[in-house]
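Take a look at the structure set out below.
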Amino acid sequence: MVKDDGLAAGKGVVVTRNRDEALAHAQSCFDAGGSVVIEEFLDGPEVSLFVLCDGHNTVALSPAQDFKRIFDNDEGPNTGGMGAYTPLEWAPEGLVEEVLERVAQPTVNEMARRGTPFVGVLFVGLALTSRGTRVIEFNVRFGDPETQAVLARLKTPLGSLLLAAAKGELDKAEELRWAKETAVAVVVASENYPDTPRTGDRIRGLKKAEELEGVHVIHAGTALDDQGKVISAGGRVLAVVALGSDLVEARERAYDGVELVQLEGSQYRTDIAGKAARGDITVPYGATGSLPVTKAKA
Ligand code: GLY
């Protein structure tokens, strides 16, 4: 991956297996007086893992996957996230333990050693590549919309966990309890999002959506107008979250809910969790049993 080391309106990066193409992009950046950042190409599926930290101890929530592009098939510009699901049936066994042991716990240990213990949510963005698990990014917050799906399954009261984290007592917290069901969250976004979104439109059908079995709606970019009616007030307006006995049922329920939400000009992706529901996600190592691909020549 060759990136223009500067603001480039999303056009500064070239992801390629072709050395000449990579060199040509770098040269065009140099010709424009800039510099480049070269990063390892990460070839596997992405995973979001939220790890509660109390300064010393770490407790992982259930891994989730989100969908960052605005259009189906991961096309179009990046967004804050258009949907998510959890758990990840296709994830290699031991993934969470590996990330705790190799990533989260060493990070928390080092922060404590430096005298700046970290208390909060460490959001570890991962790629499961042919060369093993890689960290893409850290955030120090919950992720959106993964959290809507993850918390839908969490039976342990979240407040008790956050209190334990704040008090440095996560090691004493009860083992997390999870609903057996699968959760899918589908985001309904305003017209024109992720550019300047259209706002101020009435949203109808929320009550009907909430009446569906296993379905609830989480508001984000909404507000009440003068008459107390719900209107859109942001780009990502709300998420319809559904629990189901498996991904197929959870998706069906979430999309039934989305169909009931009426907001003029609104948009949503139709393929949230679709690949996973069809069993089409492969991890280049681990549970799938597939062998690591030959390392490309440097
Ligand atoms: N869903 C990605 C994020 O919250 O940053």
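The values are calculated or read from the model by the stated rules, or taken from the named source; none is laboratory data. These figures come from a predicted structure and were not determined experimentally. A quick note on method: Cβ atoms are made from the backbone with ideal geometry, for glycine too, and the neighbour counts reach across all protein chains shown. When the accessible area is computed, the model is the full protein with side chains, heavy atoms only, and any ligands, DNA or RNA have been set aside. Shrake-Rupley method; radii C 1.70, N 1.55, O 1.52, S 1.80 Å.
Points to keep in mind about this one:
- Under the criterion of Cα pairs below 8 Å and six or more residues apart, the relative contact order for segment 127-258 equals 26 percent.
- Reachable aspartates and glutamates, given that their alpha-carbon falls under 14 Å from the alpha-carbon of Lys172 and they are not under 8 places away in the same chain: Asp54
- Taking 7 Å steps out from each Cα toward its Cβ at Asp171 and Gln105 produces label points 1.2 nm apart.
- Accessible area (Å², per residue) of segment 51-116, counting only protein heavy atoms and a probe of 1.4 Å: 47
- Spin-label model, Val13/Lys229: points 7 Å from Cα along the beta carbon direction are separated by 4.1 nm.
- When the Cα positions of Cys53, Pro87, Ile38 are compared along the charge dipole of segment 1-89, Ile38 comes out farthest toward the positive end, with charges on each C-beta of Lys, Arg, Asp and Glu.
- Using the 1.4 Å probe convention, the accessible area of segment 137-216 works out to 55 Å² per residue with neighbouring protein chains retained.
- Based on Cα contacts under 8 Å between residues 6+ apart, the chain shows a relative contact order of 19 percent.
- Heavy-atom accessible surface of the chain: percent carbon and sulfur, 1.4 Å: 50
- Dipole-positive endmost among Val14, Val217, Asn109 within the chain (Cβ charges, Cα centre): Asn109
- Taking a ≥ b ≥ c as the square roots of the Cα gyration tensor eigenvalues, the chain comes out oblate, since a/c reaches at least 1.5 and a/b does not exceed b/c.
- Extension gain, His216-Glu259: 0.36 nm per intervening residue step, less the Cα-Cα distance, totals 14.1 nm.
- Axial C-alpha extent at least 27 Å, average Kyte-Doolittle at least 0.0 - helices from the chain (DSSP): none
- Packing around the peptides 125-132, 16-23, taken as the average count of other Cβ atoms within 10 Å per residue, puts them in this order, highest first: 125-132, 16-23.
- Charge context of Glu264, other residues only, Cβ under 12 angstrom, K/R +1, D/E -1: +1
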